[in-house]
Amino acid sequence: MKHVVWIALSLVALPASVFAQNTLDGTLGATLELTSSCVISGDSATTGANFGTLDFGERPATFIGVITAQATGGAGGPGATQILCSPDVTSISVGVSGGDNAGEGSTVGSGARAIALGSSYIPYDVFSDAGHSIVYPPDGAPVSVTVPAPGAAFTLPVYGRINKTSAVALTVGTYSDTLTVTIEF
């Protein structure tokens, strides 16, 4: 004899709320505050930035006359060092230190700073304009410079000028100096 077991299922109608998920909705804001800034174009460093080099080139040890240079090869790559500021920055203040040899070399030329090779010096000055009319004080006091096109990269306003007036021959080798550049905006 076979036993058949019948199971009766009863479905009870339950309210839909028992099966539905509870929800919560609302809003979420997203913000980003941008502040005034200036950087070397192509770099994001704000301290210890590489402003490049004032490369006066190569001359014979007996040269006399004027040699000029502008800041090149900064952190942004080859060519003139470029600065990029946010569009709200319309002027900057630039200070350039006196370097490691300020006041040296006056017997061979003029300038408040000097590049050196041992105890041999060649004086030079640093200007805020390519025309060499506004000199940066060697005490690092800032000079105001207008940003040519706010929001666009522009050439770092640092231009060097050697004016060697003496016919004395100098020691052969590479002369150097280190300047600290400070930009305030």
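FYI, it's all coordinate maths here, none of it is from the lab. These numbers were taken from a predicted model, which means no experiment stands behind them. Methodologically, a virtual Cβ is constructed for each residue, glycine included, from the backbone with ideal geometry; neighbour enumeration extends over all protein chains shown.
For A141 and S166, what does the FRET efficiency come to when R0 = 22 Å and r is the distance between their Cβ atoms, rounded to the nearest 0.05?
Approximately 0.15, to the nearest 0.05.
Work out how much length A30 to T68 would gain on full extension: take 0.36 nm times their residue separation and subtract the Cα-Cα distance, in nm to one decimal.
8.6 nm
State the Cα centre-to-centre distance between the stretch 165-185 and the stretch 39-54 in whole Å.
20
For the chain, modelled as a GNM with alpha-carbon contacts under 10 angstrom, which of S93, S41, S119 fluctuates the most?
Evaluated over the chain, the most mobile residue of the options is S119.
Treat the count of other C-beta atoms within 10 Å as a stand-in for reagent exposure and order L34, L24, L84 from fewest to most.
With the fewest neighbours first, L34, L24, L84 line up as L24, L34, L84.
Round to the nearest 0.05 the FRET efficiency obtained for R59 and S119 when R0 = 22 Å and r is the Cβ-Cβ distance.
Plugging the Cβ-Cβ distance into 1/(1 + (r/R0)^6) gives 0.65.
Pick from P87, P157, P60 the residue whose mean-square fluctuation is largest in a GNM of the chain, springs joining Cα atoms under 10 Å.
P60
Around G98, which amide H atoms from residues at least 5 apart in sequence, or from another chain, sit under 5 Å from its own amide H, with H modelled in the peptide plane?
G140
Gaussian network model of the chain, Cα springs within a sub-10 Å range: biggest mean-square fluctuation belongs to which of E33, E58, E104?
E33
Taking amide H positions as placed 1.01 Å from N in the peptide plane, with prolines and chain starts having none, which residues 5 or more places from A114, or on another chain, fall under 5 Å of its amide H?
The list, which skips near neighbours in sequence, is N101, A102, G103, E104, Y124.
Based on other C-beta atoms within 10 Å, arrange L28, L117, L156, L170 from fewest to most.
L28, L117, L170, L156
Between N22 and T182, with labels modelled 7 Å along Cα→Cβ, what's the label distance in nm to one decimal, could you check?
Simple spin-label model gives 6.0 nm for this pair.
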